[in-house]
Amino acid sequence: MVRQEIEVKLQAAFKPSHLEVIDESYRHNVPAGSESHFKIIVISNMFVDQRMLSRHRLVYGVLVKEMAEGVHALALHTYTEKEWAELEDTMLASPACRGGTPTTSIL
């Protein structure tokens, strides 16, 4: 299962204090049972002193295989523990699907 593979890789790479990998494929124009769109929330102090783009590149670097093999989109929410605490009670929404044909390009 793709979601589980993503969780294992992110746990190993970032040692997060909090990790959520949410399959949002059902919200998009894909066949039933697809595992192609995910919202990922990673809380790790490995992100201290890193800008958002650098954090996202790190996550994409860990998930190169998944992106090449059918994961179309990741909605990434990457925070330090301090930033996460400051976001208490904030809804982290994923962007709406824009439709179209899936691609596998990354940064």
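Arrange the residues 23, 49 by how much accessible surface each exposes, largest first, with a 1.4 angstrom probe.
Ranked from most to least accessible, the order is 49, 23.
Roughly what would the spin-label model give for residue 65 and residue 50, points 7 Å off Cα along C-beta, in nm?
2.0 nm
The values are calculated or read from the model by the stated rules, or taken from the named source; none is laboratory data. Please read these numbers as outputs of a predicted model, since none were measured by experiment. In this analysis, Cβ positions are derived from the backbone assuming ideal geometry, glycine residues included, and neighbour counts consider all displayed protein chains. All accessible areas refer to the heavy atoms of the entire protein, side chains included, with ligands and DNA or RNA removed. Shrake-Rupley method; radii C 1.70, N 1.55, O 1.52, S 1.80 Å.
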